[in-house]
Amino acid sequence: MAPLDSLQVFQYSQQAQKMESQASERAGLSWFQIPRYIELEEERAQTQRELSYLQSIQSPVYSLPEELLYDALGPSVEISASQVTRHWRDVATRTPRLWTKIHLPKGNIQIEQYLQRSQGLALNVIVGSGTTSVRSLCLLLDQSSPTLLQPLYPGPQLSNSHNMSHLPRIRSLSVDEYGVTDTVLRDMIRCIGSGDTSRLTWLNLSPQLSSCRRRSIAVSIALNGMFSLVHLELDLRFVSRDQGIRVMLPALLTLHLEDGFSRDLSPSQDLSQFLAPLDTPVLDCLPISDCLPTALDESCIKSCPSRLPLLRHLTVQDNGAYSPYSTDYTSYAAAFPNVTHLELAMAVERFIQTILNGVSPVTHKPYWPALQILAVQSSLLSVPAMISGLSRRRDNGRSIQQLITKHHMQYSEAFGEIVELLPYTDTWQHMPPE
């Protein structure tokens, strides 16, 4: 519905008042005037209902829950805040949740407006494309620095805004777009590593940096104080090799690692050196994205079972199927023996056969014995070979319950007796929680 002007509402209000005055004269009505009085009462009640409805449209903050307003206005509030009617603009400023997402780049005044209008609620900070400096945000978040501006709307509720850090308010911080420099990233990590991150539950440090602009950044020390962190996405190509630094993340449930070409180390060394000192006692899901095949080293294989004891969901996305050297899933099976859900983007025939058989051909030990769900995006293994391996695993008492694949759905009847065959869907993308 198009916005209504104030004149319409005023006219309805005047009409309602006129009818009320007419109704107030009912005491002097004679018997033959009573029907007209009843008719006027009905018209007055109808007009009052219409007036109330119009007022609710003009000022929806009084008629709609804040959650609905957030969903309706959240994506476009930055664009429309200065273009819509005054009533809707009032709704935006009276709805703190509309101002909890700070998407950089933004100017100092805009950041201050967001911080004040969100009224202390948890913040979601997104560093987007085009951000060349986060000085303004770092100054606002740094506990040792005052805020840049005095409150734009002074009042008793904002009297403590000056000299106050807003870092403890951050719930999620995401840096995952092109155009973000390593200098910006270093400033962000410095901010979050030197203050209170007790409210931070979601952290994404996966900027699309070119190799010529990528410099190593110390991340482990900053991560070590994040005791509320639940979700972490990290690009290992810019992470410095902090040898011997133990990283304790007691609440972490999902760890998404990206790896690939590095100046100093191979992807395998990058991955192993980061995982070996990592202590995540409740980690449940580990997606790994590699542009090259990997294998975990001995130190990582020995430490991971005790430091990641509850890991159940492992996802490996690489190009191993089309490389002369494939990812060594034997090392992954030894490091993460309790996996129940395994997802592979590409895998060569011998590893898929080993997984299906459930026994290592080298050590003759169980190969992911607790595996219940296997998802394979691409595999060259034939259908008879897959059925044979699944049958052998079932006979050994370690049957796979669900096989998720992209290319074998037409053979569902052949698989039906030994495993539930499901179509493959991409589960690689991860979005911040609302």
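The values are calculated or read from the model by the stated rules, or taken from the named source; none is laboratory data. Computed from a predicted model, the values in this text were never measured in an experiment. Cβ atoms come from the backbone with ideal geometry, glycine included; neighbour counts cover every protein chain shown.
Reported count of residues in segment 307-332, each being in contact with a strand residue (DSSP E or B) (Cβ under 9 Å, 6 or more places away or on another chain) and at pLDDT 85 or above, is 8. Quick check on segment 336-344. Is at least one of its residues closer than 17 Å to residue 316 by Cα, of a type in the set (Phe, Trp, Tyr) and surrounded by 15 or more Cβ atoms within 10 Å (Cβ to Cβ)? Yes, there is a match, as at least one residue in segment 336-344 is closer than 17 Å to residue 316 by Cα, of a type in the set (Phe, Trp, Tyr) and surrounded by 15 or more Cβ atoms within 10 Å (Cβ to Cβ).
For segment 181-194, the set of residues classified as surrounded by 20 or more Cβ atoms within 10 Å (Cβ to Cβ) and touching a Ser or Thr at 6+ places or on another chain (Cβ under 7 Å) consists of 184 only.
If you go through segment 395-417 and keep only what is loosely packed, with under 14 Cβ neighbours inside 10 Å and closer than 21 Å to residue 359 by Cα, you end up with 395, 396, 397, 401, 402. Among the residues of segment 237-253, are any among the polar types (S, T, N, Q), over 22 Å from the mean Cα position of the chain (by Cα) and modelled with pLDDT of 75 or more? The answer is yes; a qualifying residue exists. Just to be sure I understand, how many residues within segment 352-384 are over 34 Å from the mean Cα position of the chain (by Cα), closer than 18 Å to residue 422 by Cα and hydroxyl-bearing (Ser, Thr, Tyr)? Looking only at that region, the number is 1.
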